[in-house]
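Here is the structure we will look at, set down as structure tokens.
The values are calculated or read from the model by the stated rules, or taken from the named source; none is laboratory data. The structure presented is a predicted model; accordingly, all values stated were derived computationally and were not measured. Every residue, glycine as well, gets a Cβ built from its backbone with ideal geometry; the counts of neighbours run over all protein chains shown. The accessibility values were calculated without ligands, DNA or RNA, using every heavy atom of the protein model including side chains. Shrake-Rupley method; radii C 1.70, N 1.55, O 1.52, S 1.80 Å.
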Amino acid sequence: MNRKEELKQQFKEIKTEAGVYQIKNIKNNKTLIESTKNLKTINGKKFQLKAGSHFNKQLQKDWNEYGEDAFVFEVLEVLKKKETGYFDEADELKKLEQKWLEELQPYGERGYN
């Protein structure tokens, strides 16, 4: 197997974790709750904010105003995958996100959702 094929195989074998995370503004306590199939993508969200291209305009505005040090990225819960039987990851992830949205209520003055 050549090096390129070997690297592709290694990439396929990397385990990803799905879950729910928050981006919290520690200056005004507003939060954004999101779910993702790969928690490593949180770094991509930080990159979007640094580049000024995050989809959430209010969050982006506050990031520009308060700066990176005013924000904390935190995993709230990792999705536990069922080892046997049918498991709909997308559906379970949506339920997990909904649970956190109900618990933290990040709307209006409390958040960016």
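Tabulated values for the structure
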{"read-out": "The range 55-113 - residue that is small (Gly, Ala, Ser) and open to solvent by 40 Å² or more (accessible area, probe 1.4 Å) and, of those, farthest from the chain's Cα centre (by Cα)", "value": "85"}
{"read-out": "Count of the range 9-37 residues which are charged (D, E, K, R), surrounded by 12 or more Cβ atoms within 10 Å (Cβ to Cβ) and more than 13 Å from the chain's Cα centre (by Cα)", "value": "2"}
{"read-out": "Test: residue in the range 2-16 that is acidic (Asp, Glu) and touching a residue at least 12 places away in the same chain (Cβ under 8 Å)", "value": "no"}
{"read-out": "Helices (runs of 4 or more DSSP H) (entirely within the range 32-113) containing at least 3 residues that are more than 14 Å from residue 22 (Cβ to Cβ) and among the polar types (S, T, N, Q)", "value": "57-66"}
{"read-out": "Residue list for the range 38-54, filter: within 29 Å of residue 91 (Cβ to Cβ), open to solvent by 100 Å² or more (accessible area, probe 1.4 Å) and at pLDDT 95 or above", "value": "47"}
